[in-house]
1. Once the Cβ-Cβ distance between residue 100 and residue 34 is put in as r, and R0 is 45 Å, what FRET efficiency do you end up with, to the nearest 0.05?
2. Among 54, 65, 80, 89, which comes first, then next, by fewest other beta-carbon atoms within 10 Å?
3. Cα centroids of the range 90-110 and the range 128-172: how far apart, whole angstrom?
4. How far apart, in nm, are the 7 Å Cα→Cβ label points at residue 70 and residue 144?
5. Could you identify which residue out of 51, 158, 95 has the top mean-square fluctuation in a GNM of the chain using Cα springs shorter than 10 Å?
6. Name the residue, out of 107, 145, 72, whose mean-square fluctuation peaks in a Gaussian network model built on the chain with Cα pairs under 10 Å.
7. Answer rounded, prolate or oblate for the range 138-185, using the Cα gyration tensor with square roots of eigenvalues a ≥ b ≥ c: rounded when a/c is under 1.5, else prolate when a/b is larger than b/c, else oblate.
8. Before rounding to the nearest 500, sum -39500 (n - 2.57) across all DSSP H runs of length at least 4 in the chain and divide by the residue total; then give [θ] at 222 nm in deg cm²/dmol.
């Protein structure tokens, strides 16, 4: 009985050592596995403009860049649909800009620290992808007052539009951030 206990104890200790050693090592020298990208979706449901109410969804593709467990940058991107009821939130000037774009996207973005991945760096990457940052003060006001915006703690997110003037193949649109895998969008 004592011998069986000793064998089990040695086996457990050996397994723990293997797990600890393998979790500390990585092919890239240890630091590459600490940076990762997570993708998902996010929805805002329903809206209101004056007397008009709707239950349409505003659907975003979400990409988040992490270092270990720390969120460095978060991007939510929604391709604008011309027939969306959320168009009521656009001012006439904003509507005019949207109509002059080949494609238009809504961008919600969050940067933890301006020293790591910051908005200026990200905006330049978007510009390099043929997307120009557009200020949308009227739309931003309506969006920030949406109940889902508050309940999802998005008050620190910047809200912009991205205007794509010319057709760009999807395979050519990518976000490349230092020390992270490239992300196509």
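Taken together, the values in this text are just the output of simple stated rules run on the coordinates, not laboratory data. The structure presented is a predicted model; accordingly, all values stated were derived computationally and were not measured. Don't worry about glycine lacking a Cβ; one is built from the backbone with ideal geometry, like all the others, and counts go over all protein chains shown.
1. The pair residue 100/residue 34 has a calculated efficiency of 0.60.
2. Final ranking by Cβ density, sparse to dense: 54, 80, 89, 65.
3. Their Cα centres are 8 Å away from one another.
4. In this crude label model, residue 70 to residue 144 measures out at 2.7 nm.
5. Of 51, 158, 95, the Gaussian network model singles out 51 as fluctuating most.
6. 145
7. oblate
8. One gets -9000 deg cm²/dmol as the mean residue ellipticity at 222 nm.
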